[in-house]
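Asker: Questions regarding the structure given below will be posed in turn.
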């Protein structure tokens, strides 16, 4: 029995009938485009809609989520993997009871764990599926192997870009690298684009059309337009005060934009073909890739 089959059997044995969480992976081709802000504000908007939300900060080099939350976690994912902590121990609760898990840097070594350790981890991650409705994975920026592994494991990808030419180019490069990944599935992946820091809704649509034109022509990859987030001084002020703009200034231009994007993401008709994978299956995919 290979490791992939072992992981599938572990998931089935420990999570036979529980609901699975919706996993949304937020990414960008380059840093500084507002990816983490997008993750946090969408989480707040989902909470306002009655959804339970947990963010996994998978940017191991930086700590953007905890800085924006104004909270320092006592534990991270490494403590679950190597120190025997359970899933509830490593969740830090932020504004509006949005959960937050610091990824730490231990995922790379998960492929070397014994079956007993894997069973323990999958059992805990199955609990996470039961604790929340939506899990947002905030990746690092760029096209590192670690980022691509997260994207390949996710069925739903939100790509954040800006009108800057370098951002558009880097977004295309990320999608190109993703399509070349040996385990990327076009059929089971949805890629949705958010145009950030635009001067107008028209600029956001134009940005998407430019990106979509080259992606369609050269990659033959379908992507969807979710909407735009405008330039907003209120957002900058909220970041300085370590508060999500969706809470600090809920009637601001950017907060309203995040509200509209969250509503689209929760629209059943728009997402009727979306298949939830759950957190346990998400990580089993990553673990198996490292065998």
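What follows draws every value from the coordinates through simple rules; no lab data is involved. Every value quoted in this text rests on a predicted model; they were computed, and no experiment measured them. Here Cβ is always computed from backbone atoms with ideal geometry, including for glycine, and neighbour counts include all displayed protein chains.
Asker: Mind checking the log10 I(q)/I(0) for segment 168-272 at q = 0.13, 0.24, 0.25 Å⁻¹? Debye, one equal scatterer per Cα, no solvent, two decimals.
Answerer: Rounded to two decimals, the profile gives -0.58, -1.22, -1.26.
Asker: Still on this structure, please answer the following. Could you line up 52, 217 from fewest to most neighbouring Cβ atoms inside 10 Å?
Answerer: Least crowded to most crowded, the residues run 217, 52.
Asker: Would you mind computing, in nm to one decimal, how far apart the modelled labels at residue 96 and residue 199 are, each placed 7 Å from Cα along Cα→Cβ?
Answerer: Modelled inter-label distance: 3.1 nm.
Asker: Please compute the Cα-Cα pair-distance distribution of segment 115-217 with 10 Å bins starting at 0, giving whole percents from short to long.
Answerer: 13, 38, 31, 13, 5, 0
Asker: Over segment 23-289, what relative contact order in percent results from Cα pairs under 8 Å that are six or more residues apart?
Answerer: That works out to 26 percent.
Asker: Now for a different question. Please report 181, 285 as a ranked list, fewest other C-beta atoms within 10 angstrom at the top and most at the bottom.
Answerer: 181, 285
Asker: Under Stokes-Einstein, with the Kirkwood radius over Cα pairs standing in for Rh, what whole-number D in µm²/s applies to segment 23-289 at 10 °C and 1.306 mPa s?
Answerer: 85 µm²/s
Asker: For the residues 199, 59, what sequence is obtained by ranking on other C-beta atoms within 10 Å, fewest first?
Answerer: 199, 59
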